[in-house]
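This report refers to the structure that appears directly beneath it.
The values are calculated or read from the model by the stated rules, or taken from the named source; none is laboratory data. These numbers were taken from a predicted model, which means no experiment stands behind them. Neighbour counts are summed over all protein chains in view; Cβ atoms, including those assigned to glycine, are modelled from backbone coordinates with ideal geometry.
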Amino acid sequence: MNTQDELGWTIDRFILERQKRFPEASGEFTTILQAIALAGRVIASKVQKAGLADVLGATGAINVQGESVQKLDVLANRILIRCLETTGHVCAMASEESESVIPIASSRGKYVVLFDPLDGSSNIDVNISIGTIFSIYRRKSESGPGTEVDCLRRGTEQLAAGYIIYGSSTMLVYTTGEGVHGFTLDPMVGEFFLSHENIRIPPHAPTYSVNEANAPKWSSNLRRWVEALKSKETPASKPYSLRYVGTLVADFHRTLLRGGIFAYPGDQSAPKGKLRLLYEAAPLAFVAEAAGGAASDGMQRILDIEASNLHERTPLFIGSKEDVAFAERFLRQGEAHS
Ligand code: P6P
């Protein structure tokens, strides 16, 4: 794309331009991506002034994850549902904030959208980056409101996936499998403009991102992996630095652009880790692989895992291909009896 175009490539122009390359592509799918971009703009406007408006803090409610629900979580969830249901092309949604599938009444929609409306919400009140993660599938059922059958999918079936990061700037990053593209919100114009075309993740980089406070609960293989990262025997042939924001979208975005590895492993108290397969790990895995990276649960490719329930968790190792492979070599060793 000629990004020197004086108008700039808005996400709408970009999607429509690329849609021309795929004559069979329906405008319906494009409309869904545009609805997500609209939701992102509205959520960004709420996040940017969260400290001023009465949207900080917790609602007092506890969500299906057993976590305290922050007001912006609820707002972001409602905004995404509203933007998507009005497209008329979505037959069902699933959200971290909703215990069960959100069916869209009398829908002829052909698509399903799964999302974490506001990842990292515990960081809202201390002005640390947060994000929205989304995943789009074509429905499996024939007609009518979508059901769990439409939502419990394998990551390789995704049509598109991406995230919006609300940070020093607001960026929307997505892929349909044909490259990964980033758009930065110009708040003066209220539009996302192409800023990072065809993002490629470096094959390795000397950065790892994991919460080492959990190390006492880790397996011996996991501990050996992290110790190896502090030696010169690494894919980058030098000791790695630790960077950890504590918001998945922020830690992943840095890893996508600069390389390295993010991990949220399982441990003795949570064998499947903390992160969700359907609306956190799988969409980011689609983005990582489309950018030339990798994503694994330590044993298998994230995108090959078929979900058996909406909110199931998975360990996640994601980032540069060589760094993920390096981690897998340790994790696949027979467990030492330690
Ligand atoms: P911990 C945020 O609450 C989140 O779900 C992810 O965004 C983030 O990667 C993870 O939890 C951080 O968890 O246990 O390190 O605080």
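Filter region 97-126 for residues that are assigned to a strand (DSSP E or B), buried (at least 24 other Cβ atoms within 10 Å of the Cβ) and not charged (D, E, K, R) and give the result.
Of everything in region 97-126, those that are assigned to a strand (DSSP E or B), buried (at least 24 other Cβ atoms within 10 Å of the Cβ) and not charged (D, E, K, R) turn out to be Tyr111, Val112, Val113, Leu114, Phe115, Pro117, Leu118.
Output the number of residues of region 16-70 satisfying the condition of being modelled with pLDDT under 75 and either part of a helix (DSSP H, G or I) or in contact with a Cys (Cβ under 7 Å, 6 or more places away or on another chain) (or both).
1
Suppose the filter is buried (at least 19 other Cβ atoms within 10 Å of the Cβ) and farther than 28 Å from Gly66 by Cβ; does Phe317 pass it?
Against the criterion (buried (at least 19 other Cβ atoms within 10 Å of the Cβ) and farther than 28 Å from Gly66 by Cβ), Phe317 does not qualify.
Test of understanding: among Ile128, Ile102, which residue is touching an Asp or Glu at 6+ places or on another chain (Cβ under 9 Å) and modelled with pLDDT under 95?
None of the other options fit; the residue is Ile102.
Confirm whether Arg78 is over 28 Å from Arg13 (Cβ atoms) and within 16 Å of the chain's Cα centre (by Cα).
Here the answer is no, as Arg78 does not meet what is asked.
Only one of His181, His204, His196 is crowded, with 24+ Cβ neighbours inside 10 Å and away from the ligand (no atom under 16 Å from the Cβ); which?
Selected residue: His181, the only one of His181, His204, His196 that is crowded, with 24+ Cβ neighbours inside 10 Å and away from the ligand (no atom under 16 Å from the Cβ).
In this structure, does Leu229 turn out to be more than 16 Å from the ligand (Cβ to nearest atom), more than 17 Å from the chain's Cα centre (by Cα) and either surrounded by fewer than 18 Cβ atoms within 10 Å (Cβ to Cβ) or over 30 Å from Pro103 (Cα atoms) (or both)?
yes
Yes or no: Tyr279 touching a Pro at 6+ places or on another chain (Cβ under 8 Å) and over 14 Å from His204 (Cα atoms)?
For Tyr279, the condition - touching a Pro at 6+ places or on another chain (Cβ under 8 Å) and over 14 Å from His204 (Cα atoms) - is not met.
What do you reckon, is Leu284 away from the ligand (no atom under 15 Å from the Cβ), crowded, with 20+ Cβ neighbours inside 10 Å, aliphatic (A, V, I, L, M) and outside the structural domain of Val112 (by TED's automatic domain parsing)?
No; evaluated as a whole, the condition is false for this residue.
May I ask you to verify whether Leu316 is out of contact with any Phe, Trp or Tyr (no Cβ under 9 Å at 6 or more places or on another chain) and within 15 Å of the ligand (Cβ to nearest atom)?
No; evaluated as a whole, the condition is false for this residue.
Do any residues in region 184-196 that are modelled with pLDDT of 95 or more have Cβ atoms under 6 Å from those of residues that are assigned to a loop (DSSP other than H, G, I, E, B), where the two are at least six apart or on different chains, and which pairs are they?
Thr184/Ser169; Phe193/Gly8; Leu194/Thr3; Leu194/Trp9
Of Gly182, Gly167, Gly177, which residue is among the small types (Gly, Ala, Ser), touching a Leu at 6+ places or on another chain (Cβ under 9 Å) and within 13 Å of Leu257 (Cβ to Cβ)?
Answer to the check: Gly182.
Just give me the residues in region 245-261 being assigned to a loop (DSSP other than H, G, I, E, B) and within 12 Å of the ligand (Cβ to nearest atom), in sequence order.
Val245, Gly246, Thr247
Of these, Val126, Val113, which one is away from the ligand (no atom under 16 Å from the Cβ), not assigned by TED's automatic domain parsing to the domain that holds Glu306 and not aromatic (Phe, Trp, Tyr)?
None of the other options fit; the residue is Val113.
Select from region 237-248 the residues that are in contact with a helix residue (DSSP H, G or I) (Cβ under 8 Å, 6 or more places away or on another chain) and either without any contact (Cβ under 8 Å) to a residue 40 or more places away in the chain or hydrophobic (A, V, I, L, M, F, W, C) (or both) and write down the one among them that is surrounded by the most Cβ atoms within 10 Å (Cβ to Cβ).
Leu248
Do we find that Pro216 is out of contact with any Cys (no Cβ under 9 Å at 6 or more places or on another chain) and either within 16 Å of the ligand (Cβ to nearest atom) or assigned by TED's automatic domain parsing to the domain that holds Ser320 (or both) in this structure?
Answer is yes for this residue.
For region 287-326, enumerate the residues that are out of contact with any Leu (no Cβ under 9 Å at 6 or more places or on another chain) and polar (S, T, N, Q).
Gln300, Ser320
Does Glu96 fit the bill of being within 16 Å of the ligand (Cβ to nearest atom) and modelled with pLDDT of 95 or more?
yes
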